[in-house]
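Each remark here refers to the structure printed beneath this line.
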Amino acid sequence: MDLVPDLAQPGRARRLALALLPSLVMLLTPPILVAVFGDRLPPRAYTGGLVEFAPSWDRWKWMSAPVAVIYALGLAVIFVRWWRWPGLQRWLVTSSFATAGFMAGTVGAGLGVLIDADGPVPEPGWMFPVASLVALAAGLAGWHAAGPPPTAGTPQDPPPAGLPAMTLGSQARAIYVVSGWSNRRLLRGVALLAFAALLPLMLSPSWPTVAIFVMIGMTELLQARTRLQIDGRGMELTLPWLGRLRRFVPYAEIRSAEARPSTSGRGLGLVGGPRGWGYVSGPGPVLALRLTDGREFLYSTRDAESAAALVNGSLHRLREGTTGADRR
């Protein structure tokens, strides 16, 4: 199978620089604030709940440096992992800007209330809302700075010969609908929820820890049931248990389809990873759509060949302007 062009290449260096730039903001915000307001601050850095063991300002201003470096390295690893996915790279820039904005807002507010103070000052109630607004504004700025991701043009060539393709008349209307279950996601969701219920008995953690496991468990559980529909518009995947959350792929974004005996579903889902997205529930036939962004959509169904034939037949009709030919 030949490779499609690297769609992320235009503007990728700029998106990477924008994604890493907020780490520099996280690193430099504390020392800049201390340099500007140092002569108006109390003797110790009574910020972030540090009172009894409050450090000196010289030490405090670099305490966030390890976090900023680790954040930048982690972001770079994620960016490289999705090197050919410009859409997700735009979201990485947005989240990076928002994270740095929240950090700068929190640090700025925490230090601001200490200006001209002689000792500790309680954190103001408005600090979190203000930091959240700064994060929102920074995220929007990052979204616009990253710009729209480059997209592939509509393929003009029909699917290659040798792939299954239905014969479809110019007025023919065909639809393929199938529902699927993922026992793996169902069991994983139940296990995570059970673990969250047992956490307070075993470790007595704070409620945010329990909430994180509950959120992840519910996300897995609600993705256990899926519905696939292929019709004259394209392919639509629906998650009925997630408020009928759906993702639609028109034929303009599909190059070809094939049926495979089996494949791994590791790392897939509605977002997916570098190689593709979709739902593979276990061993068995899999419908594989080759997309114009260089990734694949994979879905487990016993009638994978019929689904692939319908997709390819529709692509032949659209791109050849004919009824196609039976290429089974």
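Just so it is clear, none of the values below were taken in a lab; they were calculated from the coordinates. Keep in mind it's a predicted model, so treat the numbers as computed, not measured.
What's the angle, to the nearest 10 degrees (0 to 90), between helix 183-202's Cα axis and the longest principal axis of the chain?
Its long axis makes an angle of about 20 degrees.
Using only helices, what value at 222 nm comes out for the chain when you add -39,500 (n - 2.57) per DSSP H run of length 4 or more and divide by the total residues, to the nearest 500 deg cm²/dmol? Provide the component values of the computation, followed by the final result.
Working: 8 runs with 147 residues, N = 328.
One gets -15000 deg cm²/dmol as the mean residue ellipticity at 222 nm.
Which of the three applies to region 12-146, rounded, prolate or oblate, going by the alpha-carbon gyration tensor with a ≥ b ≥ c and a/c under 1.5 meaning rounded?
Details: a/c = 2.90, a/b = 2.09, b/c = 1.39.
Here region 12-146 falls in the prolate category.
How long is the gain from GLU236 to ARG40 if the chain were fully straight, where each residue apart is worth 0.36 nm and the alpha carbon distance is subtracted? Provide the component values of the computation, followed by the final result.
On the way: separation 196, 0.36 × 196 = 70.56 nm, distance 6.02 nm.
Once the chain is fully extended between GLU236 and ARG40, it gains 64.5 nm.
Please list, ordered by chain and number, the residues whose modelled amide H lies under 5 Å from the amide H of GLY284; skip anything fewer than 5 residues away on the same chain.
THR263
State the extension gain, in nm to one decimal, for the chain segment bounded by SER179 and ALA137, taking 0.36 nm per residue of separation less the distance between their alpha-carbons. Mind dumping the intermediate values first?
Working: separation 42, 0.36 × 42 = 15.12 nm, distance 4.08 nm.
Full extension from SER179 to ALA137 adds 11.0 nm.
Distance between Cα centroids, region 115-146 to region 78-99: provide it in whole Å.
Using only Cα atoms to place each centre, the spacing works out to 23 Å.
Mind pulling the per residue volume of the convex hull built on the Cα atoms of the chain? Å³ is fine.
Numbers: hull volume 52.4 nm³, N = 328.
It is 160 Å³ per residue.
How long is the gain from MET218 to ASP118 if the chain were fully straight, where each residue apart is worth 0.36 nm and the alpha carbon distance is subtracted?
Working: separation 100, 0.36 × 100 = 36.00 nm, distance 4.80 nm.
Taking MET218 through ASP118 to full extension adds about 31.2 nm, to one decimal.
Amide H to amide H, which residues 5 or more places from ARG246 or on other chains are under 5 Å from it, using H placed in the peptide plane?
Sorted by chain and number, the residues that satisfy this are LEU239.
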